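The values are calculated or read from the model by the stated rules, or taken from the named source; none is laboratory data. Small disclaimer: the values here were computed from a predicted structure and weren't measured. Every residue, glycine among them, receives a Cβ derived from its backbone with ideal geometry; neighbour counts consider all protein chains shown.
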Ligand code: NAP
């Protein structure tokens with residue numbers, strides 16, 4: 001069993017006490033241990049500000065893009081080893097592991113290309129300038145410059161590689177050094193990623209640090225130029241947002257939290273048609289990929305009243321084919337939940353959904369026979385499909401995210417009713433609408449948008465070309481209002497804004513143009 005170390009101040013450091021043991025969630029065999037007791041986290045914050053920040057800000061966007069390209073490349077070179085680490089420590093199947101690791105390298109590569117596009121500049125202009133008075137000389141611009149602090153990234157257990165890379169890619173491209181803290185339970189993969197980056201990516205000093213284990217007093221050192229980006233449960237997120245130092249020093253905070261994502265089958269759907277099949281396939285995949293431990297997984301399934309029985313049958317047919325077991329086995333399609341606590345939470349959540357009026361129509365909270373696993377071992381939960389025939393009365397179904405292979409099927413009366421039901425989730429990361437009818441699209445898409453960070457429109461013409469609704473693409477924003485945390489990440493260049501200070505510049509146009517490198521003929 002290895003001891004995970006933290007990469008701080010350009011050296012590896014091991015905790016001194018209070019070690020936590022990480023286990024393989026399929027077999028419960030110990031895989032690593034880690035601790036942050038005794039580590040100098042204050043020193044890490046100062047090192048990022050004093051060494052990492054200046055090193056990154058001395059580089060242009062294009063040069064920082066080159067850094068991201070190197071990071072992507074060196075991780076891709078050890079893809080197989082990272083997949084093995086993910087399977088052993090995260091309970092992921094090979095496919096799940098690729099989703100995480102290829103997501104990491106792909107997002108780094110995307111932001112590397114954006115760096116090239118932004119070019120050899122160190123600040124960004126935000127829109128064209130404006131004449132401010134009658135005099136054409138007195139002029140105003142908005143400029144965006146890197147914050148001179150550190151970006152602390154606190155990540156959830158479900159995407160140890162992508163979570164580290166997607167946040168780091170944007171911060172580093174913006175010119176802000178990073179301290180990344182993966183969730184302890186699955187930190188082995190993040191540790192392997194960091195080992196490789198340290199070994200082969202030629203990271204600028206202080207640009208990227210990693211804390212493996214408890215966050216300790218890390219967040220207490222954040223100040224006015226720093227940012228905190230968190231992904232995890234809404235209660236933890238709320239606690240972070242409310243930290244005394246975070247509030248009093250106006251630390252910029254981004255929260256990605258729980259989400260009761262909805263999939264809506266349009267009223268025009270024809271059973272057996274391409275769009276209907278796409279809907280069934282996507283919902284079954286979203287329920288079972290990563291054992292449903294995806295922030296973007298479908299939790300609520302809304303179907304026209306008259307189609308509910310047929311959809312239930314089709315979903316049960318798909319779910320009953322999913323082979324559950326040790327994800328190291330080729331034939332296994334779904335592994336365990338990540339921790340014993342996650343399994344306890346999911347089972348308790350199922351009880352609460354049933355108490356709210358949902359009934360289980362497939363699967364069980366306790367019965368599961370995983371393949372290739374010693375009897376009684378592992379944190380397995382079979383896919384569970386619930387059904388709530390009175391969705392307006394089933395409050396918990398719209399409020400409680402059961403973070404596992406669990407979703408609830410519900411009928412809706414008409415498009416206005418479907419919109420009302422989606423809104424009951426109080427803000428989601430992604431809402432999926434399946435329809436080929438333009439009138440349905442027009443009636444629904446812009447009404448669903450205010451409740452959703454992303455609206456995925458499934459239709460027959462893109463059934464074979466689209467990514468799955470749960471896939472987070474670096475070019476589109478990820479985040480959602482309300483319950484989903486109210487945050488926003490990625491979205492191409494938009495994601496940089498979190499790490500940049502937007503400043504209005506006012507003065508003599510000729511002087512400002514010179515400072516900003518604006519050619520009078522192009523302005
Ligand atoms: P969690 O328990 O909230 O933990 C998330 C992260 O916060 C972990 O790194 C954890 O570290 C850290 N943390 C917990 N308490 C802390 C504190 N007092 N100070 C500093 N750090 C602290 O969530 P999780 O169990 O990892 O993830 C499951 C939840 O995340 C689900 O509810 C899901 O909805 C949500 N999620 C959301 C998204 C999204 O993008 N919106 C993505 C994935 C997951 P330790 O592990 O060391 O405790």
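Restricting attention to the range 80-100, report how many residues are more than 20 Å from the chain's Cα centre (by Cα) and free of Cβ contacts under 8 Å to residues at least 40 places away in the same chain.
The total comes to 2.
Of the residues in the range 445-481, how many are touching a strand residue (DSSP E or B) at 6+ places or on another chain (Cβ under 8 Å) and not in a strand (DSSP E or B)? Show your work before the answer.
Within the range 445-481, the first condition is being touching a strand residue (DSSP E or B) at 6+ places or on another chain (Cβ under 8 Å), and the residues that meet it are 445, 448-449, 451-459, 466, 469-470, 472-481.
From what's left, not in a strand (DSSP E or B): 445, 448-449, 451, 459, 466, 469-470, 472-476, 479-481.
Residues in the range 445-481 being touching a strand residue (DSSP E or B) at 6+ places or on another chain (Cβ under 8 Å) and not in a strand (DSSP E or B): 16 in total.
Check whether at least one residue in the range 456-466 is in the same structural domain as residue 272 (by TED's automatic domain parsing), over 29 Å from residue 56 (Cα atoms), surrounded by 22 or more Cβ atoms within 10 Å (Cβ to Cβ) and under 16 Å from the mean Cα position of the chain (by Cα), and report yes or no.
The answer is no, given that none of the residues of the range 456-466 is in the same structural domain as residue 272 (by TED's automatic domain parsing), over 29 Å from residue 56 (Cα atoms), surrounded by 22 or more Cβ atoms within 10 Å (Cβ to Cβ) and under 16 Å from the mean Cα position of the chain (by Cα).
Can you find a residue that is in contact with a helix residue (DSSP H, G or I) (Cβ under 8 Å, 6 or more places away or on another chain), part of a helix (DSSP H, G or I) and modelled with pLDDT under 95 anywhere in the range 37-47?
Within the range 37-47, none of the residues are in contact with a helix residue (DSSP H, G or I) (Cβ under 8 Å, 6 or more places away or on another chain), part of a helix (DSSP H, G or I) and modelled with pLDDT under 95.
Every residue, every condition in (1) more than 23 Å from the chain's Cα centre (by Cα); (2) at pLDDT below 95; (3) under 16 Å from residue 44 (Cα atoms), yes or no:
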position	(1), (2), (3)
195	no, no, no
205	yes, no, yes
208	no, no, yes
214	no, no, yes
218	no, no, yes
222	no, no, yes
229	no, no, no
234	no, yes, no
238	no, yes, no
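Yes or no: the range 165-184 includes at least one residue that is within 9 Å of the ligand (Cβ to nearest atom), assigned to a helix (DSSP H, G or I) and either outside the structural domain of residue 491 (by TED's automatic domain parsing) or closer than 23 Å to residue 94 by Cα (or both).
Yes - at least one qualifying residue is present in the range 165-184.
Of all helices (runs of 4 or more DSSP H) completely enclosed by the range 218-323, which ones contain at least 2 residues that are more than 15 Å from the ligand (Cβ to nearest atom) and touching a strand residue (DSSP E or B) at 6+ places or on another chain (Cβ under 7 Å)?
Correct list: 274-288, 308-319.
Among the residues of the range 105-132 satisfying the criterion of being part of a loop (DSSP other than H, G, I, E, B) and out of contact with any strand residue (DSSP E or B) (no Cβ under 9 Å at 6 or more places or on another chain), which is nearest to residue 225 (Cα to Cα)? Give the steps one after another, and end with the answer.
Narrowing the range 105-132 to residues part of a loop (DSSP other than H, G, I, E, B): 119-123, 126-129, 132.
When the remaining residues are screened for being out of contact with any strand residue (DSSP E or B) (no Cβ under 9 Å at 6 or more places or on another chain), the result is 119-121.
Details: 119: 25, 120: 24, 121: 21 Å.
The qualifying residue nearest to residue 225 (Cα to Cα) is 121.
Return yes or no: is residue 316 outside the structural domain of residue 402 (by TED's automatic domain parsing) and modelled with pLDDT of 95 or more?
So residue 316 fails the test.
Among the residues that make up the range 500-520, is at least one of them at pLDDT 95 or above and either under 22 Å from residue 307 (Cβ atoms) or within 16 Å of the ligand (Cβ to nearest atom) (or both)?
no
Could you list all residues from the range 82-98 that are part of a helix (DSSP H, G or I) and touching a helix residue (DSSP H, G or I) at 6+ places or on another chain (Cβ under 7 Å)?
82, 83, 85, 86, 87, 89, 90, 94, 96, 97, 98
Just checking, which of 505, 512 is assigned to a helix (DSSP H, G or I) and farther than 30 Å from residue 457 by Cα?
From the options 505, 512, the qualifying one is 512.
Looking at 381, 421, 337, 343, which is the one that is within 27 Å of residue 92 (Cα to Cα), surrounded by fewer than 23 Cβ atoms within 10 Å (Cβ to Cβ) and in the same structural domain as residue 299 (by TED's automatic domain parsing)?
Residue meeting the stated conditions: 343.
Cβ-Cβ distance below 6 Å, separation of 6 or more or different chains: which pairs start in the range 202-213 with a residue that is assigned by TED's automatic domain parsing to the domain that holds residue 168 and without any contact (Cβ under 8 Å) to a residue 24 or more places away in the chain and end on one that is within 16 Å of the ligand (Cβ to nearest atom) and in a loop (DSSP other than H, G, I, E, B)?
The qualifying pairs do not exist here.
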